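**Q** Starting off with a structure, shown below.
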Amino acid sequence: MTAKRWIEKTGAIGLMSKAGRYGGTYAHKDIAFEFAAWISVEFKLYLIKEFQRLKEEESRALSLEWNFQRTLAKVNYRIHTDAVKEKLIPPRLTKARKFAATARQWEAWQALASF
């Protein structure tokens, strides 16, 4: 039985067969890899080793990216906190302002505690 007849009879999905010039039997890459692994043990081992290498390389790259993001966040945290200290908090709060701020915080805390 030819590949074309088998595809027609079984209604195979992911396979295609063409006759004539530039013809041949084509399969989806998953089907082709499985067929090649079934035919050749060497190819199957090559696929496994290559997959492992790619996953290790991907893991290494993600680890470096995570480390970079962590360091960047650490530096940015320092920049942001320093900016808040310098630009948003007045250098000296008068005693009255400090007391008023403390009183408001105390009132807010008591309101929350009463729930």
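**Q** Pairs under 8 Å by beta carbon, first residue acidic (Asp, Glu) in segment 24-37, partner surrounded by fewer than 14 Cβ atoms within 10 Å (Cβ to Cβ), six or more apart or different chains?
**A** Listed pairs, sorted by first residue: ASP30/GLY14.
**Q** Still on this structure: Within segment 48-63, is there a residue that is of a type in the set (A, V, I, L, M), over 30 Å from LYS4 (Cβ atoms), assigned to a helix (DSSP H, G or I) and at pLDDT 80 or above?
**A** Looking through segment 48-63, at least one residue is of a type in the set (A, V, I, L, M), over 30 Å from LYS4 (Cβ atoms), assigned to a helix (DSSP H, G or I) and at pLDDT 80 or above.
The values are calculated or read from the model by the stated rules, or taken from the named source; none is laboratory data. What you see is a predicted model; the values in this text were computed from it and never measured. A quick note on method: Cβ atoms are made from the backbone with ideal geometry, for glycine too, and the neighbour counts reach across all protein chains shown.
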